[in-house]
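The structure under discussion appears below in the form of structure tokens.
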Amino acid sequence: MKIANRAVSVFTLLLVYNAAFAGGGWPQPKGWGFFKLSQWWVVSDQHFTDSGRIDPNTTMGIFNSSLYAEYGFTNRFSGILYFPFFSRAYMNNTISGTTGETLIPGEAINSIGDTDLGIKYGITLNKPLALAATLTFGLPLGKDNGGSAGSLQTGDGEFNQMLQLDAGTGFKLGNVNLYSNLYAGFNNRTNGFSDEFRFGFEVGATFLKNRITAIARIQGIQSFKNGDLPSERSNSTSIFANNTEYLSFAPEIAYNITEKWGVSAGVGTVFYGRIIFASPAYSVGVYYKLTK
Amino acid sequence: MKIFHFLLALPFLFNSCIGDDVVDDFVPPAVRITAPLDTLGVGKTWQFEAKFTNNIGAEEARPVAWSSSNLAVLGIDGTGLATGLSKGSAIVAAEVELGDGTTVKSERPVTVADSTVIPPVVMTLGGEIKSTSSYALKGSFEITESGSGILISIGSDYQASTALPGLYVYLGNNRSSIANAKELQQVAVFNGAHSYQVDGVGLNDYQYLLYWCKPFNVKVGEGEIK
């Protein structure tokens, strides 16, 4: 994440939002799948600085239309894809309050975004504690240097590899089905970006005859600050920066329209951060569960 | 089918248009005498010059009205050409009309004596760079005439955060905007002494040394040139 770094930020803020009925310590059973079409966006006129305080910036926005998919190749192995097939980054015009003239014209770029490909392995199956390991490759398919100042990005320009371990369990409280999941991962970043430690915890509850699932998540990223990306090449404080750190709270709610189709909405708020946008990110989506 | 249409509409529903951010970039209009002289010899002449900057700090060509407070000592014509007439003191003024009935004026005391005293060739201005953001930025600086321009020497006490994306340094007359500022270069030194040679610029042309995060159009720090 360059003032928040791509593979890590995008993965955490975007991909993990797709976890209603997917993700966590449970791989998809063989032949089953989970597919979600989502819109994720953040618009921010401020960011967390390297000292953790909040400074203003020209209003910028990032919008991703994405496909997220999990498919069970076997009962233990699931393939994972996060593909932002349309990604837009823009910056507002800067207007003189004195003369009304445009001082710096706004800009926008459109492209596909950085994409994640992963494979999940179920370490335990049909046990009270579901353990899974996921290897994710972050493919730098987006633009990392768009616009006249190079600050418009739909990707961070680096290929990263992340190994993540998930531990999840399901339980009941009265008539409410609940689950919880804990994960930790190491994200190896290239091209001068610092590596990262990622972690998160979530609790979900399904109720109203399995119609509604409410999820609460806490997610974090800690940078190892071991990258050597020169500041001249660092042109981001959005979600694609280097040495980004944050702790966020991201609730999500999903509504099962039928047994297979559903819709969801989520919001992510960063309450501690360094070098990342200081505004909430939102997501809405439609998902489909492939079962036998 | 409805769901299919909803899926198709998603990218178009949420992909925003570019909006406007309005910045308060007003600065008081000002005129500055840029070819100063302390002492003019009797019977000698000196061409004064002046620069006008408008309410956003942009240099603008405006008619300048020159005047002398003591015409028996120092005469001055409409172009700013002054003549020493007799020993004594006078105040030279450059005045510009703003168009709304008001004016801005700059004054400079001049002594008329036996001979003209040219200001020292090496004149030094300077100041302190201070952060105006949460990013670390500090240090002292000096500006001297050098070659066909000026040399900005940043002191050994200078420090700047390396976390800033695209930190640039400018010379400007509006501390709130770089729209009409002179961009020097992207900052490449984040600790210790260094310098910038800026050709084609005079010592009195700019009032501020500005540090700006160019990609995000955010001011990071400034140093008032005194």
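The values are calculated or read from the model by the stated rules, or taken from the named source; none is laboratory data. None of these values were measured; they are calculated from a predicted model. In this analysis, Cβ positions are derived from the backbone assuming ideal geometry, glycine residues included, and neighbour counts consider all displayed protein chains. Side chains are part of the model used for accessible areas, which takes the heavy atoms of the whole protein and leaves out ligands, DNA and RNA. Shrake-Rupley method; radii C 1.70, N 1.55, O 1.52, S 1.80 Å.
Structure notes:
- In straight-distance terms, cross-link reach from B:K226 covers every one of the lysines whose alpha-carbon lies under 27 Å from its own, apart from those fewer than eight places away in the same chain; here that gives B:K51, B:K105, B:K130, B:K138, B:K182, B:K214.
- Electrostatic tally near B:G149: other residues with Cβ closer than 15 Å to its Cβ, Lys and Arg +1, Asp and Glu -1, net -4.
- Average other protein chain Cβ within 10 Å of Cβ, residues B:213-223: 6
- A protection proxy built from the mean count of other Cβ atoms within 10 Å ranks the segments A:148-157, B:98-107, most packed first, as A:148-157, B:98-107.
- Ordering of B:76-86, A:191-201 by packing [mean C-beta count within 10 Å, highest first]: A:191-201, B:76-86
- Shape of the protein assembly as shown, Cα gyration tensor, a/c cut at 1.5: prolate
- The order of the peptides B:188-194, B:37-43 by mean Cβ neighbours within 10 Å, most packed first, is B:37-43, B:188-194.
- In the elastic network of chain A, a GNM with C-alpha springs shorter than 10 Å, the most mobile of A:S96, A:S87, A:S264 is A:S96.
- Most fluctuating residue given options B:R108, B:R32, B:R175, as computed from a GNM of chain B linking Cα atoms under 10 Å: B:R108
- Between 0 and 90°, nearest 10: helix B:2-14 axis offset from chain B longest Cα axis: 10
- Spatially near lysine pairs across chain A, Cα under 24 Å, sequence gap of 8 or more or different chains: 28
- Per residue, the average separation of C-alpha pairs within less than 8 Å and at least 6 apart gives the range B:30-113 a relative contact order of 34 percent.
- Inter-chain shielding of A:98-107 (mean C-beta neighbours from other protein chains, 10 Å cut-off): 5
- The mean sequence distance of close C-alpha pairs (under 8 Å, at least 6 residues apart), as a share of the length of chain B, puts its relative contact order at 17 percent.
- A versus B: buried accessible surface, summed, Å² (probe 1.4 Å, to nearest 100): 3600
- In the elastic network of chain A, a GNM with C-alpha springs shorter than 10 Å, the most mobile of A:L103, A:L247, A:L165 is A:L103.
- CD proxy at 222 nm, helix term only [per DSSP H run n ≥ 4: -39500 (n - 2.57); per residue of chain B; nearest 500]: -2000 deg cm²/dmol
- Between B:K226 and B:T102, residue separation times 0.36 nm minus the direct Cα-Cα distance comes to 42.0 nm.
- Solvent accessible area, Å² - B:W46, 1.4 Å probe, full protein context: 60
- Per residue of B:176-182, other chain Cβ atoms within 10 Å of the residue Cβ number 3 on average.
- Surface composition of the range B:30-113: carbon and sulfur make up 51 percent of the accessible area, probe 1.4 Å.
- The residues of the range A:181-292 expose on average 41 square angstrom of accessible surface per residue, using a 1.4 Å probe on protein heavy atoms.
- Rel. contact order, % - alpha carbon contacts under 8 angstrom, at least six apart, chain A: 23
- Amide H contacts for A:W32 (H built 1.01 Å from N in the peptide plane; partners 5 or more residues away or on another chain; cut-off under 5 Å): A:G72.
- Neighbourhood charge, 13 Å Cβ-Cβ cut-off, centred on B:Q207 and excluding it, Lys, Arg +1 and Asp, Glu -1: +1
- Across the accessible surface of the range A:82-146, with the other protein chains kept in place and a 1.4 Å probe, carbon and sulfur atoms take up 61 percent.
- Probe 1.4 Å, protein heavy atoms only - accessible area per residue of the range B:30-113 in square angstrom: 48
- Mean residue ellipticity (222 nm) of chain A, computed from DSSP H runs ≥ 4 via -39,500 (n - 2.57), nearest 500: 0 deg cm²/dmol
- Two-site FRET efficiency, B:E60 against B:K182, from Cβ-Cβ distance with R₀ of 25 Å, rounded to 0.05: 0.95
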